[in-house]
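> I have a structure here, written as structure tokens, and I will follow up with some questions on it.
The values are calculated or read from the model by the stated rules, or taken from the named source; none is laboratory data. Note that the structure is a prediction, hence the values are computed from the model and not measured. As a convention, Cβ positions derive from the backbone with ideal geometry for all residues, glycine included, and neighbour counts pool all protein chains shown. Ligands, DNA and RNA are stripped out before the accessible areas are found, and what is left, the full protein with its side chains, is counted by its heavy atoms. Shrake-Rupley method; radii C 1.70, N 1.55, O 1.52, S 1.80 Å.
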Amino acid sequence: MKVLKFGGSSVGSYERIIRAAEIVATAEQPAVVVVSAMQGVTDELLDSAKIAANGDSSWKEKFWKVREKHVETAEKISTLRAQAGPSDNNLLKSETEELLLSLERILEGVSLVNDLSQKLLDRILAFGELLSSKFFAAALSKIDASCFWLDAREVIKTDSTFGKAEVDFKATNQLVKGRIELITSGSTGKICIVMPGFIATDHKGNTTTLGRGGSDYTAAIVAAAVRAEILEIWTDVSGIMTADPRHVRAARVIEKISYREAMELSHFGAKVIYPPTLQPVMALQIPVLVKNTFEPEAAGTLIVADTLAKEEGEDKGLIRGISTIGEIALLTLEGSGMIGIPGFSKRLFDALAREKINVILITQSSSEHSICVAVAEKDAVKAKAAADGEFEREIALGRLEPLAIEKKLAILALVGDRMRFHTGVSGRMFSALGHNGVNIRAIAQGSSERNISAVIDERDIRKAVNTLHEEFFSDGLKQVNIFIAGTGNVGRRLILQLQQQKDEIAKRLGLNLRITGVANSRHCLISTDSVGADDFLSKLEDSEKMSAERFAEEIIRLNLRNSVFVDLTASEEVSSVYQKLLRKSVAVIACNKIAVSGHLENYYQLKSLAREFGADFLFETTVGAGLPVIKTLSDLINSGDKVHRIEAVLSGTLNFVFDNYDGTTSFASVVRQAQEAGLTEPDPRLDLSGKDVARKILILARETGYPLEFENVNLKSFMPEKCFVGDVRKFYETLETEEEHFKSLLETASGRKLKFVASFDREKGAAAELRYIEQDSEFGRLSGKDNIVLFFTDRYSHQPLVVKGAGAGADVTAAGVFADIIRAAKG
């Protein structure tokens with residue numbers, strides 16, 4: 001024999017009742033079917049009763065909705081039975097009317113006396129299961145004539161507690177077993193017995209209820225009493241899942257799980273099954289199968305004994321699931337008066353117990369200076385009053401602080417039997433959360449090491465669960481959410497490169513790179529679905545107007561895991577949001593030089609925040625575009641080398657201009673050619689002034705540990721001052737009039753090359769100036785838009801370490817940013 005239980009969603013309408021009955025009809029062995037109330041009915045009955053108790057006549061409106069739903073369902077099932085052949089087609093309708101009339105009379109009485117006891121409420125709530133089980137038995141009779149309806153109140157016996165009665169297992173087992181044996185004795189065909197779940201009676205004959213998950217519990221009690229081969233829980237999901245699918249799109253069904261793991265998950269918010277359900281069947285090792293009524297072909301989740309899970313060796317993952325409970329408050333009792341004095345914990349728990357406050361999580365410091373407990377947020381105020389009252393004397397004497405409350409928290413639980421056999425699970429959990437800026441308020445782990453629980457901010461639930469699911473359950477792909485500010489040439493190239501390399505990066509590095517947000521100086525587009533390279537610009541222009549500040553706030557509000565902010569602008573406004581993002585553990589990739597070459601204090605602050613909050617702050621492309629200049633410098637220093645001097649040509653723009661200017665065409669024409677080739681900033685004067693080069697050598701000097709401000713860089717400009725007056729159009733006009741100045745620079749060179757060179761020396765500081773370079777020197781052989789950096793160090797004292805290559809251009813700059821994104825994504 002097997003036992004099947006169908007939840008409210010499975011019997012929520014006539015059509016669903018028929019579907020569930022057809023599932024039962026396929027069983028090839030005797031079956032007991034336990035049925036919940038139709039979906040939503042229990043809540044509607046509860047609301048009607050409470051409204052009636054307040055003397056409000058609107059309870060009748062709610063009741064009539066319940067009535068209409070059940071009358072309509074009874075009518076349809078009765079008609080269906082009439083089509084099946086001769087029978088008493090009015091029996092179900094008359095039973096339904098009789099039950100509804102009794103319900104209405106009780107509610108009328110509640111309304112008249114303005115009182116609702118828990119005992120009376122249990123009687124009212126019982127009607128939901130009585131009606132639905134009658135419907136199910138009638139529907140099943142169309143398919144299987146050997147169907148019997150058994151009133152659970154005749155066989156499930158409890159104490160006199162109402163609302164959540166305790167079952168008398170000895171009496172119940174005897175009654176259930178005896179009644180079912182009586183029904184099935186002498187039968188040669190298949191027999192189905194239908195029972196209402198959730199309800200029972202005490203030994204005085206009063207109707208009682210079994211509380212939350214009561215129908216599941218009823219089914220488990222029956223399964224244990226008849227020693228069923230299996231207990232099937234039919235619901236609206238395909239089993240217990242690795243995480244809540246509302247939070248984690250990639251959540252999947254757990255094929256097999258142990259009783260204890262299922263209990264841990266269900267206790268911490270996985271509502272597919274309730275912990276009491278497993279208690280009766282666990283001792284007898286009766287398997288429990290969780291199935292989907294609306295997808296019966298799906299395998300579901302099989303819950304078995306721990307030993308079976310280990311012996312068969314299936315699903316060997318360390319972690320079975322991740323679960324959460326929201327709306328939690330953390331209560332902290334603290335004070336020096338607790339140290340070394342026994343009994344404080346007992347008194348606290350006694351005070352909470354007297355107020356019927358359930359403690360969900362407990363943690364205490366080894367110093368005994370404080371104890372923290374987590375409770376439902378709705379109980380926090382009541383808990384504080386109870387605790388402060390219990391410890392009133394100690395608080396008055398200053399030995400204890402009044403109970404402190406933190407609200408809007410959640411408990412995150414990582415569950416798995418096999419965790420106890422492997423080291424490092426806690427480390428992986430907290431490292432992953434820390435990397436994503438999820439702050440841990442409290443931690444608890446049982447000695448069984450089956451559950452690691454952490455209290456976190458409720459706002460971090462989605463990010464935390466996704467982070468851990470990716471860490472322990474992913475197919476190897478780590479999702480990275482990229483937010484790009486700046487849609488010029490470099491931005492366009494970067495988005496194109498990200499799209500082109502997406503599959504290859506996923507395959508080789510296990511990274512799922514998603515463009516989640518794009519912004520320019522006017523608009524911002526954010527989508528949790530990846531923005532495509534082909535249409536992002538058109539979508540962007542039609543999107544919301546947004547400042548850099550609001551873009552950053554939206555990134556923080558979304559609170560997505562593995563978020564990376566990419567700044568491809570030259571905007572001071574955009575650079576001003578770096579600190580805010582780093583504080584939320586959002587990695588920052590800067591092509592913008594302003595932040596790292598601005599005030600030294602801000603540079604130090606950004607580096608410090610990156611370390612403090614575990615967020616990458618990378619700015620490789622601020623020097624040398626895609627060349628690994630900063631990375632090379634960092635590797636030298638990290639490996640113990642000391643940098644004494646740096647010599648560099650750091651402007652691809654200036655190198656291109658001087659390499660192509662020979663006096664036959666005007667200097668202005670060559671600059672215009674460089675701009676058209678995408679080698680300059682939108683305003684070429686930023687390059688020609690030498691300030692860009694000065695910023696770059698400043699950045700390198702700072703990266704060596706040298707404290708340098710921009711005004712201390714010895715910048716010698718070769719440009720006439722009048723070229724910087726007016727707009728860009730005026731600049732080109734003035735540049736033409738100054739052609740003789742540029743020709744004189746060529747004449748002075750006397751066959752040597754003109755190079756704008758940046759230098760840093762620990763003794764002399766930093767400088768940027770135009771130099772005359774011999775043709776056969778390292779700098780002299782440099783051509784086109786190439787950059788070159790020479791590092792003179794302890795290890796490279798005679799022959800410098802040279803980094804050389806293209807130092808300008810949208811493609812190489814985008815590639816450098818891409819490389820920084822990969823570094824940040826890999827963590």
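> So, counting K/R as plus one and D/E as minus one, what does the shell of residues with Cβ under 14 Å around residue 439 add up to? Walk me through the numbers before you get to the answer.
Numbers: positive: 408, 441, 459, 463, 583, 584; negative: 406, 457, 458, 460, 612.
Within the 14 Å Cβ shell, the charges total +1.
> I need the calculated FRET efficiency for the pair residue 13 and residue 94, taking r as the beta carbon distance and R₀ as 22 Å, to the nearest 0.05. Spell out each step's value before the answer.
Numbers: r = 22 Å, r/R0 = 0.99.
Efficiency for this residue pair is about 0.50.
> As a test of reading the structure, rank 332, 172, 748 by solvent-accessible area (1.4 Å probe, protein chains only), most first. Numbers along the way, then the final one.
Working: 332 25, 172 0, 748 75 Å².
From most accessible down to least: 748, 332, 172.
> Which FRET efficiency, nearest 0.05, do residue 727 and residue 605 yield, Cβ-Cβ r, R0 41 Å? Before the final figure, lay out each step's value.
On the way: r = 35 Å, r/R0 = 0.85.
Given R0 = 41 Å and the Cβ-Cβ separation, E is 0.75.
> Run the reach check for residue 384 against lysines, Cα to Cα strictly under 28 Å, same-chain hits fewer than 8 apart removed. What comes back?
Those lysines meeting the cut-off are 50, 164, 346, 356, 407, 408.
> So for the pair residue 746, residue 474, with labels modelled 7 Å out along Cα→Cβ, what separation do we get in nm?
According to this spin-label approximation, the distance is 5.6 nm.
> Give the accessible surface of the chain per residue, rounded to a whole number of Å², with probe radius 1.4 Å and ligands, DNA and RNA excluded.
Numbers: 36070 Å² over 827 residues.
Averaged over the residues of the chain, the accessible area is 44 Å².
> May I ask you to derive the FRET efficiency for residue 22 and residue 489 from their Cβ-Cβ distance with R0 = 56 Å, giving the value to the nearest 0.05?
Result of the calculation: an efficiency of 0.35.
> Now for a separate question. For segment 333-489, just run the numbers: alpha carbon Rg, then divide by 2.2 N^0.38 Å, N being how many residues it has.
Numbers: Rg = 19.6 Å, N = 157, 2.2 N^0.38 = 15.0 Å.
For segment 333-489, the normalised Cα radius of gyration comes out at 1.30.
> Ignoring everything except DSSP H segments at least 4 long, calculate the 222 nm mean residue ellipticity for the chain; use -39,500 (n - 2.57) per segment, divide by total residues, nearest 500.
Values: 30 runs with 352 residues, N = 827.
-13000 deg cm²/dmol, from helical runs alone.
> Ignoring ligands, DNA and RNA, please state the percent of accessible area on the chain from carbon and sulfur, probe 1.4 Å. Intermediate results must be reported in sequence, preceding the final value.
Details: 17250 of 36070 Å².
Answer for the chain: carbon and sulfur cover 48 percent of the accessible area.
> Restricting attention to segment 335-396, which trypsin sites (Lys or Arg not before Pro) occupy a DSSP loop and are surrounded by at most 16 other Cβ atoms within 10 Å?
Working: sites: 346, 347, 354, 356, 378, 382, 384, 393; in loops: 356.
Filter output for segment 335-396: 356.
> Express in Å², to the nearest 10, the accessible area of residue 422 obtained by rolling a 1.4 Å probe over the protein heavy atoms while all chains stay in place.
90 Å²
> Would you mind calculating the gained length between residue 544 and residue 58 on full extension (0.36 nm times residue separation, minus the Cα-Cα distance), in nm to one decimal?
On the way: separation 486, 0.36 × 486 = 174.96 nm, distance 4.52 nm.
Contour length minus the Cα-Cα distance gives 170.4 nm.
> Enumerate by residue number the GluC sites (Glu not before Pro) in segment 747-827 meeting two conditions: DSSP loop (anything except H, G, I, E, B), and at most 10 other Cβ atoms within 10 Å of the site's Cβ. The partial results should precede the final answer.
On the way: sites: 747, 763, 769, 774, 778; in loops: 763, 774, 778.
The qualifying sites are 763.
> Give me the one-decimal nm value for the distance between modelled label points at residue 778 and residue 706, 7 Å along each residue's Cα-to-Cβ direction.
1.5 nm
> A follow-up question, please. So, counting K/R as plus one and D/E as minus one, what does the shell of residues with Cβ under 11 Å around residue 12 add up to?
Working: positive: 16, 19, 69; negative: 15, 236.
My count for the surroundings of residue 12 gives +1.
> Now, a different point. Which label belongs to the value computed from this structure, given these candidates for Rg/Rh (Cα atoms, Kirkwood Rh): (1) 1.13; (2) 1.03; (3) 1.00?
Computed from the coordinates, Rg/Rh (Cα atoms, Kirkwood Rh) corresponds to (1).
> Another question, then. Sketch the reach of a paramagnetic label on residue 369 as a point 7 Å from Cα along Cα-to-Cβ, and name the residues of segment 332-352 whose backbone nitrogen lies under 17 Å away.
332-341
> Taking Cα atoms, how many degrees apart are the long axis of helix 169-184 and the longest axis of the chain, rounded to 10 and kept between 0 and 90?
It is inclined by approximately 70 degrees.
> Another question, then. Order the peptides 674-687, 564-577 from the highest to the lowest mean number of other Cβ atoms within 10 Å of their residues.
On the way: 674-687: 17.6, 564-577: 21.9.
Sorting 674-687, 564-577 by mean packing, highest first, produces 564-577, 674-687.
> Between residue 298 and residue 508, how many nm apart are label points set 7 Å from Cα along the C-beta direction?
3.8 nm
> Taking the Cβ of residue 679 as the center, what net charge do the other residues with Cβ under 10 Å away carry, scoring Lys and Arg +1 and Asp and Glu -1?
Summing Lys/Arg as +1 and Asp/Glu as -1 gives -2.
> Expected output is a single nm value to one decimal: the length gained when fully extending between residue 72 and residue 247, i.e. 0.36 nm times separation in residues minus the C-alpha distance. What is it?
59.3 nm
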